[in-house]
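Visitor: Quick one: this structure, given as structure tokens, is what I'll be asking you about.
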Amino acid sequence: DFKMDYKKDFPLLAESDIAYLDNAATEQRPACVLDAEREFYERWNANPLRGLYELGVEATEQYEHARERVARFVHAKSEREIIFTRNTTEGINLVAYSYALPQLKPGDEILVTIMEHHSNLLPWQMVARQTGAVLKFLECTQEGTLPDEVLEAAITEKTKLVAVAQVSNVLGCVNPVEKIVKLAHEKGAVVVVDAAQSAPHMPVDVTALDVDFLAFSGHKLMGPMGIGVLYGKEELLEKMPPFLTGGEMISSVTREGATYAKLPHKFEAGTVNAAGAAGLAAAIRYVEKIGFDTIMAKEEALTKRAMEGLKKVPHLHILGDEAPENHTGIVAFTIEGVHPHDVSEILSSDGIDVRAGHH
Ligand code: PMP
């Protein structure tokens with residue numbers, strides 16, 4: 001399998017000789033994902049969770065099958081713990097609005113790391129502003145590690161919520177989520193994991209990690225844009241008010257009020273992205289067919305080759321750890337005296353697509 005040419009599975013890449021290296025931003029999609037989305041509209045299209053006629057029932061089945069596959073993929077105990085969202089950002093915002101805003105009090109502490117993506121920072125800045133909670137930062141080393149002493153000193157009785165990326169989108173380092181969860185739970189805090197960069201590249205087991213919430217995006221996992229996943233522990237989701245209100249998230253409505261649908265539909269207001277969910281299920285099937293052992297070994301070999309090549313470039317500095325196996329396929333670098341946008345533009349003229357800018 002290691003020598004297989006996966007490129008031919010991707011229509012956009014198969015037809016072109018660009019070197020697309022911006023996979024951390026969004027991945028290309030294999031034909032099987034495009035086919036699955038199209039198949040939904042060609043064979044099962046109706047508004048899921050509504051129609052009582054056969055097509056409507058089939059549309060619902062397709063959507064719920066996708067949820068079951070996602071639940072197995074992240075080892076959730078139940079499909080009720082899997083909420084379909086648009087992306088990681090929406091999943092984290094759901095937790096910020098529906099869990100954190102009603103819970104947090106002035107003086108409570110929210111802990112994030114200094115390496116978070118804006119999507120796992122701005123929602124917590126909002127919660128802190130609105131509740132009077134204090135937002136604190138965990139500093140990492142140059143290599144991107146979070147030493148035990150730093151974690152132990154920062155997670156205290158005041159900590160109510162810790163939000164951390166499982167894999168950094170800048171350094172590619174894998175954060176010690178298991179250790180963070182253990183320390184946080186000892187103090188009664190919940191842990192929100194941003195799995196945008198981990199779910200596509202390594203096995204994620206929400207039950208073994210014992211995380212409270214975990215979010216990722218379909219489009220970074222070769223799935224469609226506009227479909228994402230929020231995992232939440234059932235007992236927490238059960239107690240939370242809905243994030244958005246409207247159609248499909250209700251069980252009954254009167255002039256004065258409504259009772260909400262059961263999990264997971266309570267958190268899925270409005271017409272859902274069922275074709276996107278079917279596409280995501282196809283992407284997961286594709287990943288599982290190749291297997292994470294192969295994916296991880298291949299990514300490590302490519303990272304090693306990239307780092308060896310980059311090290312020969314004068315004035316170039318690779319950020320983060322020395323070892324390619326600690327990069328999860330992400331290599332960030334600077335070139336002394338050259339603006340990153342210029343580096344990207346010059347590479348682009350050779351058909352090499354990279355991300356550049358403020359991270
Ligand atoms: N978190 C991390 C670590 C990411 O890398 C990204 C995407 N670059 C996001 C969150 C946001 O993902 P999305 O735009 O799909 O919501």
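What follows is calculated from the coordinates using simple rules that are stated; it is not laboratory data. Owing to the predicted nature of the structure, the values given are computational and were not obtained by experimental measurement. Quick reminder, even Gly has a Cβ in these numbers, built from the backbone with ideal geometry, and neighbours come from all protein chains shown.
Visitor: Just give me the residues in segment 252-265 being assigned to a loop (DSSP other than H, G, I, E, B), of a type in the set (Gly, Ala, Ser) and exposed (fewer than 11 other Cβ atoms within 10 Å of the Cβ), in sequence order.
Guide: Gly257
Visitor: Here is a further query. Within segment 43-89, work out how many residues are within 15 Å of Thr271 (Cα to Cα), crowded, with 22+ Cβ neighbours inside 10 Å and among the small types (Gly, Ala, Ser).
Guide: Summing the residues that are within 15 Å of Thr271 (Cα to Cα), crowded, with 22+ Cβ neighbours inside 10 Å and among the small types (Gly, Ala, Ser) in segment 43-89 gives 1.
Visitor: Still on this structure: Starting from segment 17-34, take each residue that is over 13 Å from Val287 (Cβ atoms) and list its partners that are among the basic types (Lys, Arg), counting only C-beta distances under 6 angstrom and pairs at least six apart or across chains.
Guide: Asp22/Arg355; Ala25/Arg355
Visitor: I'd like the full set of residues that are aromatic (Phe, Trp, Tyr) and free of Cβ contacts under 8 Å to residues at least 24 places away in the same chain, limited to segment 252-270.
Guide: Hit for segment 252-270 is Tyr260, nothing else.
Visitor: Name the pairs whose Cβ atoms lie under 9 Å apart, with the first residue in segment 47-62 and under 15 Å from Glu37 (Cα atoms), the second surrounded by 19 or more Cβ atoms within 10 Å (Cβ to Cβ) and among the β-branched types (Val, Ile, Thr), and 6 or more positions between them or separate chains?
Guide: Going by the 9 Å Cβ cut-off, the qualifying pairs are Asn47/Val272; Pro48/Thr60; Pro48/Val272.
Visitor: Thr26 - would you say it is touching a helix residue (DSSP H, G or I) at 6+ places or on another chain (Cβ under 6 Å), assigned to a loop (DSSP other than H, G, I, E, B) and within 16 Å of the ligand (Cβ to nearest atom)?
Guide: yes
Visitor: Within 16 Å of the ligand (Cβ to nearest atom), crowded, with 22+ Cβ neighbours inside 10 Å and within 23 Å of Ile330 (Cα to Cα) - does that describe any residue in segment 228-247?
Guide: Looking for residues that are within 16 Å of the ligand (Cβ to nearest atom), crowded, with 22+ Cβ neighbours inside 10 Å and within 23 Å of Ile330 (Cα to Cα), one finds at least one in segment 228-247, hence yes.
Visitor: With segment 88-169 as the region, which helices (runs of 4 or more DSSP H) entirely inside it contain at least 1 residues that are within 15 Å of the ligand (Cβ to nearest atom) and touching a residue at least 60 places away in the same chain (Cβ under 8 Å)?
Guide: 88-94
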